[in-house]
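Report on one structure; see the data block that follows.
The values are calculated or read from the model by the stated rules, or taken from the named source; none is laboratory data. What you see is a predicted model; the values in this text were computed from it and never measured. With ideal geometry, Cβ positions are generated from the backbone for all residues, glycine too; neighbour counts draw on all protein chains shown.
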Amino acid sequence: MPELPLFPLNTVLFPGMVLPLHIFEPRYRQMIGECLEKDAPFGVVLIKAGDEIAGLALPHEVGTTAHIIESEKEPDGRMNIITLGRQRFRLRRIVQYEPYLIGDVEFYPFQGGNALDLRTRAKRLRGLLLVYIHLLSETMGVSLSLQSLPTSPTTLAVLAAIILQIPLEEKQKLLETAFYEELFIREEYLVRREQMILAHMMKTAPKDEPASPLYHPRVYRN
């Protein structure tokens, strides 16, 4: 896959993550239309500089391919699509700027590590995540629950990155991490940090009102 149409957004897409999008700009209607016609993916990349709506947005170098799994076209030409993140890639250079970005990319999969070490780290992170989800649920005043967490260490590592409600730049650093072992180390630190923040918010919030989480899940529109 030497070239890939790029969609700079204020979100970080991970492999296995579902991302709904509302497409209204003519250039992205064209891009998504061509992807649907060719049954081809596009790349979601976090905006590094600039503004996607007001002008040219420069993307980060690491992103994830988005595959369209559902689409609906409105009478005025706008589209609602649901995408699934699949493969991580690294942007080598931009080969086209108009009407939308096209990048020369290479696949950039996470690198494995010692199987026993990854299982040990996954077991520890799994317990931390369950506590984090409970605290997040209590803080937001809504019911958040997972019936079970993946047994596969590599799947759990990516799921943790998706679940964490942290700033986008920190999410991007997780996406850019080369090795699973390093990913587990970063995520364990972040989950512990967020647990402390949420626990403090629960203590200081008025008893009659749920505390407001620092980082709200967002619905991204473009």
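Summary table below
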{"read-out": "Residue in region 80-89 that is more than 20 Å from E34 (Cα to Cα), surrounded by 15 or more Cβ atoms within 10 Å (Cβ to Cβ), in contact with a strand residue (DSSP E or B) (Cβ under 8 Å, 6 or more places away or on another chain) and assigned by TED's automatic domain parsing to the domain that holds R29 present", "value": "yes"}
{"read-out": "Sole exception among (1) under 22 Å from I163 (Cα atoms); (2) out of contact with any His (no Cβ under 6 Å at 6 or more places or on another chain) for V45, by number", "value": "(2)"}
{"read-out": "Counted residues, region 37-55 - those being loosely packed, with under 12 Cβ neighbours inside 10 Å, part of a loop (DSSP other than H, G, I, E, B) and of a type in the set (D, E, K, R)", "value": "2"}
{"read-out": "Answer from E70, E34, E61 - the residue that is in contact (Cβ under 8 Å) with a residue 12 or more places away in the chain, over 19 Å from F107 (Cβ atoms), acidic (D, E) and surrounded by 13 or more Cβ atoms within 10 Å (Cβ to Cβ)", "value": "E34"}
{"read-out": "L58 in a strand (DSSP E or B) and touching a Lys or Arg at 6+ places or on another chain (Cβ under 6 Å)", "value": "yes"}
{"read-out": "Meets criteria (hydrophobic (A, V, I, L, M, F, W, C), touching a helix residue (DSSP H, G or I) at 6+ places or on another chain (Cβ under 9 Å) and over 24 Å from Y180 (Cα atoms)) for F42", "value": "yes"}
{"read-out": "Residue match in region 111-129 (condition: part of a strand (DSSP E or B) and under 30 Å from Q30 (Cβ atoms))", "value": "no"}
{"read-out": "Sole exception among (1) exposed (fewer than 15 other Cβ atoms within 10 Å of the Cβ); (2) touching a strand residue (DSSP E or B) at 6+ places or on another chain (Cβ under 8 Å); (3) touching a residue at least 12 places away in the same chain (Cβ under 8 Å) for R27, by number", "value": "(2)"}
{"read-out": "Of the criteria (1) modelled with pLDDT of 95 or more; (2) in a loop (DSSP other than H, G, I, E, B); (3) more than 25 Å from I162 (Cβ to Cβ), which one G33 fails", "value": "(2)"}
{"read-out": "Any hit, region 91-106, residues being surrounded by 16 or more Cβ atoms within 10 Å (Cβ to Cβ) and more than 20 Å from N10 (Cβ to Cβ)", "value": "yes"}
{"read-out": "Enumerated helices (runs of 4 or more DSSP H) restricted to region 150-222, each holding at least 1 residues that are surrounded by 15 or more Cβ atoms within 10 Å (Cβ to Cβ) and modelled with pLDDT under 90", "value": "180-204"}
